[in-house]
1. For segment A:243-260 and segment B:207-267, what is the separation of their Cα centres, given in Å?
2. Order the peptides B:123-131, A:334-342, A:492-500 from the highest to the lowest mean number of other Cβ atoms within 10 Å of their residues.
3. Using packing as a proxy for protection, rank A:36-44, A:303-311, A:109-117 so that the peptide with the highest average count of other Cβ atoms within 10 Å comes first.
4. Pop the C-beta distance of residue A:618 and residue A:544 into the FRET formula with R0 = 30 Å and round what comes out to the nearest 0.05.
5. What average count of beta carbons from other chains do you get within 10 Å of the Cβ of residues in A:487-494?
6. Return the average number of partner chain Cβ atoms within 10 angstrom of each residue Cβ along peptide B:169-175.
7. Among A:487, A:290, A:385, which comes first, then next, by fewest other beta-carbon atoms within 10 Å?
8. Excluding residues on the same chain fewer than 8 positions from residue A:385, give the lysines whose Cα lies under 25 Å from its Cα.
Amino acid sequence: MLAIAVAVAGGAARSGSALAAEASIRAEISPREILAGETARLVVRITGTRSASPPSLPPIDGLEPGARSQQTSFNIVNGSMSSEIAWSWSLLAMRPGDFVIPPMQVDAGGTTLTTEPLSLRVVAAGQPPSSGAAGGAGGAASAGSRGGPGPGSATVPAGEEPPAVASLEIRIPDRELFVGESVPGSLVLAIREGVRVSDVEQPQLVGDAFTVTRPNDRQPDQTTATIGGRNYHLVIFPIAISPIRPGVHDLAASEVIHAVLPRERDRRRGPDDDPFSDSFFSGFFGEPRKLDVKARPLVLRVLPLPAEGRPADFSGAIGRFTIEATATPASVALGDPITQRVIVRGEGNLDRVEPVPLASDADWKVYPGTSRVETTDPLGVRGAKVFEQAIVPQRADLATAPTRRFNYFDPAERRYVSLETQPVAIAIAPPTGGAAAPGAGSTAPGAPAAPGAAGVDAAPAPETDTRSRDELAPNAIDPGEPVRDWKPLVRRPGWLAWHLAPLVLALAGLGWARHARRRDADPALRIEREARRLAEQRDDEMARARSAGDAGAWFSAARRAVQEAIAPRRGAAATSLGADAAVAALGDGRDLRLGDEVRAFFAAADAASYAGTRTDPAAIATWESRVDALLRDLRRPA
Amino acid sequence: MRRARLERPDRRAPRALLAAPLATRRDPARGESSAFARLAVVAAIATLAACSSPAARAADSANAGAEGDAFTRANAADAAGRSAEAADAFAAIVRDRGSSPEVLLNLGNASARAGRTGEAILAWERALVLDPGNAEVSANLRALRRRANLPEAPDDAWSRLVARFGADGWARIGSGAWIAGWLCLLAAALAGDRLSGRPTLRRLVRLSLPAAFAIVALAILAERSALADLERAVVLGDGGGLRSAPFASATQGQAVLAGEIVVPERTHEGWILVTTAAGKSGWIESSRAGRIGELPGPSPSGD
């Protein structure tokens, strides 16, 4: 390995102590001469100290440093210890030239050590290296070019300077462009063989006077080429550009790639090579680098479409086209629709292709048509545009379908071209079924046909003037209700808040339903409800008996009411309770007056029910208030 | 042309004003002693409303008449080929009276004929905000985008579904389903065992609950998309490309066409960072972008 070694602080480090007494520094670069695009390794070593601040490599125009690496080593020879710290960089030569690595300073334990400047020569690719330098092609600088081979080409003109690691090129036709035309081209990314690149994306086109069309979801084409004796891998991105305003405009492109360069120096290892910079430190392929590859900007002259010779019904189509037409069916009855199909094929801005529109006249009634683009290339520049339109003959003596005209601008010829379809023969028979033929006096030419006549009722309405003029819906004639200060509903105050209402309502309902279910399931509550229901029933019966003056029925109902009021206390059937059982059911702690009253009532009721005589209705008045009081006492919760 | 369901808060206000004292009259907490006072308030407000309503109606009528005249004149100018003048007139109507789908349609038409592609696209997109699914406006948008080489709007099933009802439509659908879902739940809880003898009704209630909340979930997703669509902006005027930084001398990158839909990311001193449909980001002047969801109209202060 050929190296430049500069000793700054004197001599070899030697001392009886563990470490050398004096620190020294030296810088090396290897090789001293490389080709553009290749790398050299710069190493700064400091000996005689165990700690030092790392040197800072100043920026050098034309040399791109990689990441800094550091290694520390200790040696003990015959009891004498020495240490060395080494920092290294790989320098990628971006262009040819003579470079000087400026001095670098290192602080070693309070002592500032400075390296000597180093020189590095970088020769251009294709130029013979001076003795001692390795040959080969390369150069990091990249340049775009205009014209040249088209997409997919694998040849490069002789004498062209080969790119270094990677290059980008804009390829479009070498001519003046016109506003609105679609110009197919490509962006070609050339990557030197052996360079590993990851994450290749669409290069960016920069130019505010152009729109760019790229194919969707399509992988770029790939091929190889030999440039300047070296093999390159070409990645070709098809594009179509369309100028949007006249003038002289720049068009540039750039691409950022992450490349892993092959280790050039392995092929040139010499006797002085330092194993420090071997693949053990830098990896098998070398260091990954982020490279900003720029194409040489193109200066494009964009012309406006000439006004001279422009047809009045020019639709804006630019390119080269042909036109043909068909009409089906070829034989129809008068008034039956014919589908006229016009196909414009070629290369250009197909979306602007539009034949001169047909208008209804005395011969033909014309209905709105449809169109579709059928492209044959991923950019949508080549292909056909198909127009279909229903036309209805208004006279039986027509022999051909109406011809169609189409105008376009040919950018190569720089002139407007007008095409016309060949006449398509048709045969028109009078309408069947004896219906009067339009034009025969029953229907004025061009007037709407009567519904159901000759099958045209199913056809769409004829074009309005407005829509045929500019494809826009007609203006509204009523201004409608204006909205002031519109906001989406969800952003209006309170909109979301009131959604809590049904939630709260539902939760309340669920709670209530749960409570009702629990209540229904409680046996005590169920008995209480049943008792209440029976009490109400008896009260109704007593009221009806009183109204009817039926004392027997009243006493019977009152007895049932008293029995049912007492029965739950005894747990017996209400009908089985006699006077004694009823009094006993009141319990030992009963109110004596209540027991006597129950006994007295049962006696009166028995007399009314079982005496066999009709009870005086006045007895009801006698007992009514007493029974009410009795039932109140009995029904009162314990 | 279908009409959007429009709210007129200014006309609801008097009704609310009258409802307030009527509501207090039903308040049992207040004694009968205040009945006369309440009636007096009601009478006073009714008299006020009776006096003011004709005047307000007359003013409204006069404004509507003036608007109608301006609208007719703008239409006439457009029909006569003075599209730029018509576009300005329609824009003034929108600014003075508020937006309606009809005026926005005409504004877009006149702008398109005047070569103001960005303004036309913006007007039509705003018309679709008020009247989602309007076929005429949608057809105009497609035609102009085709003519101006602009990217087509997304046409997948989800986008069509979101656009069919718009932000407010999905909000109403979601609210309706939300209410229906909870009511179903409430009905099922209250009916309890009574549904056991009616298996069909029971099955219907059981199915309606998850269906309602599935619709709510769908509406929430669609509403999010619709609101995101409202945040998009339309590029107005051909003023160069995207700049790398928010100042005039910054490097220009990819060109943006008038009428392109962009998504604003953030603003900075008169500049706005946008992302195009192609995924490119850059700065443009704020005046070159009109947000679709910001419908123009008179300021609330009446200025």
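Each reported figure results from applying straightforward, stated rules to the coordinates on display, with no laboratory input. This structure is a prediction, so every number in the text was calculated from the model and none was measured. All Cβ positions, even for glycine, are placed from backbone atoms using ideal geometry, and neighbour counts span all protein chains on display.
1. 26 Å
2. B:123-131, A:334-342, A:492-500
3. A:36-44, A:109-117, A:303-311
4. Efficiency at R0 = 30 Å is approximately 0.95.
5. 6
6. Across the residues of B:169-175, the mean count of other-chain Cβ atoms within 10 Å is 3.
7. Placing the least packed residue first, the sequence is A:290, A:487, A:385.
8. A:365
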